[in-house]
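This report refers to the structure that appears directly beneath it.
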Amino acid sequence: MSKVRIKALLQTAGTGQEVVVSGWVRSRRGNKTISFIELNDGSTIHNIQAVADANLFSDEFLKDVSTGACIRVSGNLVASQGSGQAVEIQAKEIHIYGTADPQVYPLQKKGHSLEFLREIAHLRPRTNTFGAVLRVRHHLAYAIHKFFNDKGFFNLHTPIITGSDAEGAGEMFHVTTFDLKNTPRTEDGNIDYSQDFFGKETNLTVSGQLEGELGALALGLIYTFGPTFRAENSNTPRHLAEFWMIEPEMAFHDIEDNMDLAEEMLKYLVAYALEHCAADLEFLNKMYDKELLNRLRSVIDKPFTRITYTEAIEILKTCGKKFEYLADWGKDLQKEHENYLVEHHGGPVIVTGYPKDIKAFYMKQNDDGKTVRAMDILFPWIGEIIGGSQREEDHAKLLKRVEEMHIPQESLWWYLETRKFGTCPHAGFGLGFERLVLFVTGMTNIRDVIPFPRTPKNAEF
Ligand code: 4AD
Ligand code: MG
């Protein structure tokens, strides 16, 4: 007897064989003589139907084969009598691994709200929706590694604990082994981090970029794909306190090369998902968002629009639409502005040349003295999905910017030193993984595309 997963079983269609399948019961229905068990093992959105004859299985026994129970079914694979499936299992033996008391098991066959499912994140992977989302998430992660590997990039593991603030925004979680009720103090009353575990003040990384640059200036083409942490108190459907970021960094690339790579990558990933996650995406399209598949296809079809920040402000000022926040040169673009730009251009937009004062210290400065070679990619439904830039490779200019922005130099000496020893033009960007998964699955809240979300006041599971 072969032990198979349901996905493979449904693809073989070879009836007559004896099979063994294990999984979780989605539902059981039937009458006095026959029971139909819908079984799912997570390998696919589709269930296999097991048919249990009352001559072989008593009512008493089948009572425990209820929604949520985990069972193993052995039997013959036969052509299905009913509609809706090609094959089914004629059960000969059923082993119950674990029951799920219907009185208390929180997941029932009827649909549950996504909000309710967030409260039972330990069980929600067993729903059709989260099964689909988590499988799509897996395929996208795999596709990212494949995309970069096929292009000759090396995966660089950058640290999760760091002593610097890559984005200079100060939104960091501290890492310490101090007893917080009794921290050692220096003579002037400040916390004495020299006595802490690392002998200095440390935090969870907000980005792997700075270390990524060190890798690019040796290996040429690298990417990181790791967890990043932001202690910003943003309770929005687009923000997590712990999220995963993909950050490629490329030596000898300028801002144009950077945009080309980012656009190629996003199209590749969306196309990959359409090809490899068809059943799950069709389910999500049907259940949540009838425009999903069309929207995904539209992103692959045509070039992304490329405009400068200055042009974007001009468009926003002259479009005649009333915004809540004024669009004004020097101010950051708000979500409503990003949405308008995407709608106006009918698809993804890449905005470059932002004012230097609203962007990070490491971005390459333009000759106008006002703007930097930044790029943000704005996506339908999502807003900013990628942020990146060409990097300032000139030591004197970079140092001046660090000073102007009051960035603590002592935590960045190693970064600055790369501009003294064999510096070169280079560029990179960061793709927020959950924002990508959000776009591809058509879900509306970022908490529903990561297995165990971390947001303000929420770290239960
Ligand atoms: O624009 P950000 O802050 O850029 C960086 O961190 C650069 N170091 C990247 C680089 O050039 N290597 O973040 C990059 C992307 C954003 O465009 C967004 O998709 C995502 O990361 N992101 C978040 N995703 C979920 N929750 C949050 N709180 C996020 N903050 C940023
Ligand atoms: Mg950004």
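Go through segment 341-357 and report how many residues are assigned to a helix (DSSP H, G or I) and either modelled with pLDDT under 95 or out of contact with any strand residue (DSSP E or B) (no Cβ under 7 Å at 6 or more places or on another chain) (or both).
Applying the first criterion (assigned to a helix (DSSP H, G or I)) to segment 341-357 yields 341-345, 356-357.
Pick out the ones that are also either modelled with pLDDT under 95 or out of contact with any strand residue (DSSP E or B) (no Cβ under 7 Å at 6 or more places or on another chain) (or both) and you get 343-344, 357.
Going through segment 341-357 one residue at a time, the tally reaches 3.
Being in a loop (DSSP other than H, G, I, E, B) and in contact (Cβ under 8 Å) with a residue 60 or more places away in the chain narrows it down to one of A360, A327, so name that one. Step through it out loud before you land on a result.
Values: A327 fails: in contact (Cβ under 8 Å) with a residue 60 or more places away in the chain.
Just a single option satisfies the conditions, and that option is A360.
Looking at segment 224-233, which of the residues that are assigned to a strand (DSSP E or B) and within 16 Å of ligand 2 (Cβ to nearest atom) is nearest to I386 (Cα to Cα)? Let's see the steps before the verdict.
So the first thing to find is which residues in segment 224-233 are assigned to a strand (DSSP E or B), and the list is 224-229.
Going one step further and asking which of them are within 16 Å of ligand 2 (Cβ to nearest atom), we end up with 228-229.
Values: T228: 14, F229: 16 Å.
Among them, the one singled out is T228.
Among the listed residues T33, T15, T44, identify the single one that is loosely packed, with under 13 Cβ neighbours inside 10 Å, touching a residue at least 12 places away in the same chain (Cβ under 8 Å) and among the β-branched types (V, I, T).
When all the criteria are applied, what remains is T33.
Residues are listed down the side, and each one gets a yes or a no for (1) touching a strand residue (DSSP E or B) at 6+ places or on another chain (Cβ under 7 Å); (2) within 16 Å of ligand 2 (Cβ to nearest atom):
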{"position": "A169", "(1), (2)": "no, yes"}
{"position": "T177", "(1), (2)": "no, no"}
{"position": "F197", "(1), (2)": "no, no"}
{"position": "T205", "(1), (2)": "yes, yes"}
{"position": "L217", "(1), (2)": "yes, no"}
{"position": "L240", "(1), (2)": "yes, yes"}
{"position": "W244", "(1), (2)": "yes, yes"}
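Show the residue pairs that are 6+ apart or on different chains and have beta-carbon atoms under 9 Å apart, the first residue being within segment 380-406 and over 21 Å from G212 (Cα atoms), the second being aliphatic (A, V, I, L, M) and assigned to a strand (DSSP E or B).
As it stands, the answer is E384/I377; E384/L378, since those pairs meet every condition given.
Find all pairs meeting these conditions: Cβ atoms under 8 angstrom apart; at least six residues apart or on different chains; first residue within segment 416-439 and basic (K, R); second residue not in a helix (DSSP H, G or I).
Partner pairs satisfying both residue conditions: R419/E392; R419/E393; R419/D394; R435/R238; R435/F379; R435/I382; R435/E384; R435/I385.
Checking D289 against (1) surrounded by 15 or more Cβ atoms within 10 Å (Cβ to Cβ); (2) within 26 Å of F148 (Cβ to Cβ); (3) among the charged types (D, E, K, R): exactly one of these is not met. Which one?
(2)
Matching residues to (1) modelled with pLDDT under 95; (2) hydroxyl-bearing (S, T, Y):
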position	(1), (2)
S2	yes, yes
T12	yes, yes
S43	no, yes
V51	no, no
G68	no, no
I71	no, no
A100	no, no
Q108	yes, no
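Within 16 Å of ligand 2 (Cβ to nearest atom) and either more than 30 Å from H122 (Cβ to Cβ) or out of contact with any Phe, Trp or Tyr (no Cβ under 8 Å at 6 or more places or on another chain) (or both): is that true of G432 in this structure?
Details: within 16 Å of ligand 2 (Cβ to nearest atom): yes; either more than 30 Å from H122 (Cβ to Cβ) or out of contact with any Phe, Trp or Tyr (no Cβ under 8 Å at 6 or more places or on another chain) (or both): no.
So G432 fails the test.
Does K370 qualify as being basic (K, R), in contact with a strand residue (DSSP E or B) (Cβ under 8 Å, 6 or more places away or on another chain) and away from ligand 1 (no atom under 16 Å from the Cβ)? Even if it seems obvious, please write down each step before you answer.
Working: basic (K, R): yes; in contact with a strand residue (DSSP E or B) (Cβ under 8 Å, 6 or more places away or on another chain): yes; away from ligand 1 (no atom under 16 Å from the Cβ): yes.
Yes.
Taking helices (runs of 4 or more DSSP H) that do not extend beyond segment 380-458, which have at least 2 residues that are closer than 30 Å to H139 by Cβ?
Details: elements: 395-404, 413-417, 433-441.
Filter on segment 380-458 gives 433-441.
Any chance segment 394-417 includes a residue that's within 12 Å of ligand 1 (Cβ to nearest atom), surrounded by fewer than 17 Cβ atoms within 10 Å (Cβ to Cβ) and of a type outside the set (S, T, N, Q)? First the steps, then the outcome.
First, pick out the residues of segment 394-417 that are within 12 Å of ligand 1 (Cβ to nearest atom): none.
No; the residues of segment 394-417 include none that is within 12 Å of ligand 1 (Cβ to nearest atom), surrounded by fewer than 17 Cβ atoms within 10 Å (Cβ to Cβ) and of a type outside the set (S, T, N, Q).
Do you know which of the residues in segment 302-324 that are exposed (fewer than 15 other Cβ atoms within 10 Å of the Cβ) and in a helix (DSSP H, G or I) is farthest from the chain's Cα centre (by Cα)?
Of the residues in segment 302-324, the ones exposed (fewer than 15 other Cβ atoms within 10 Å of the Cβ) are 302-303, 308, 311, 314, 317-324.
Adding the requirement that they be in a helix (DSSP H, G or I) leaves 311, 314, 317-318.
Values: E311: 30, E314: 33, K317: 33, T318: 35 Å.
Applying the filter and picking the extreme gives T318.
Can you tell me which residue is farthest from T228 (Cα to Cα) among those in segment 443-459 that are more than 11 Å from ligand 1 (Cβ to nearest atom) and surrounded by 21 or more Cβ atoms within 10 Å (Cβ to Cβ)?
M443
Quick check on my filter: what residues within segment 1-21 are under 15 Å from A91 (Cβ atoms) and within 29 Å of the chain's Cα centre (by Cα)?
Residue satisfying the conditions is I6 alone.
What about I71, is it of a type outside the set (G, A, S), under 23 Å from Q11 (Cα atoms) and part of a strand (DSSP E or B)? Give the derivation first.
Details: of a type outside the set (G, A, S): yes; under 23 Å from Q11 (Cα atoms): yes; part of a strand (DSSP E or B): yes.
Criteria met by I71.
Inspect all residues belonging to segment 132-152 and state whether any of them is exposed (fewer than 12 other Cβ atoms within 10 Å of the Cβ) and within 16 Å of ligand 2 (Cβ to nearest atom).
There is no residue in segment 132-152 that is exposed (fewer than 12 other Cβ atoms within 10 Å of the Cβ) and within 16 Å of ligand 2 (Cβ to nearest atom).
Output the residue which, of all residues in segment 432-441 that are within 6 Å of ligand 1 (Cβ to nearest atom) and not small (G, A, S), is nearest to the chain's Cα centre (by Cα).
Start the filter on segment 432-441 by keeping residues that are within 6 Å of ligand 1 (Cβ to nearest atom), which leaves 432, 434-435.
Next, only the ones that are not small (G, A, S) stay: 434-435.
Values: E434: 2, R435: 6 Å.
Going through the qualifying residues, I end up with E434.
Quick one: which of I446, I382 is in contact with a Lys or Arg (Cβ under 9 Å, 6 or more places away or on another chain), farther than 27 Å from F252 by Cβ and within 14 Å of ligand 2 (Cβ to nearest atom)? Show your work before the answer.
Working: I446 fails: within 14 Å of ligand 2 (Cβ to nearest atom).
The unique qualifying residue is I382.
The values are calculated or read from the model by the stated rules, or taken from the named source; none is laboratory data. This one's a predicted model, so the numbers in the text were calculated from it and none came from an experiment. Neighbour counts are summed over all protein chains in view; Cβ atoms, including those assigned to glycine, are modelled from backbone coordinates with ideal geometry.
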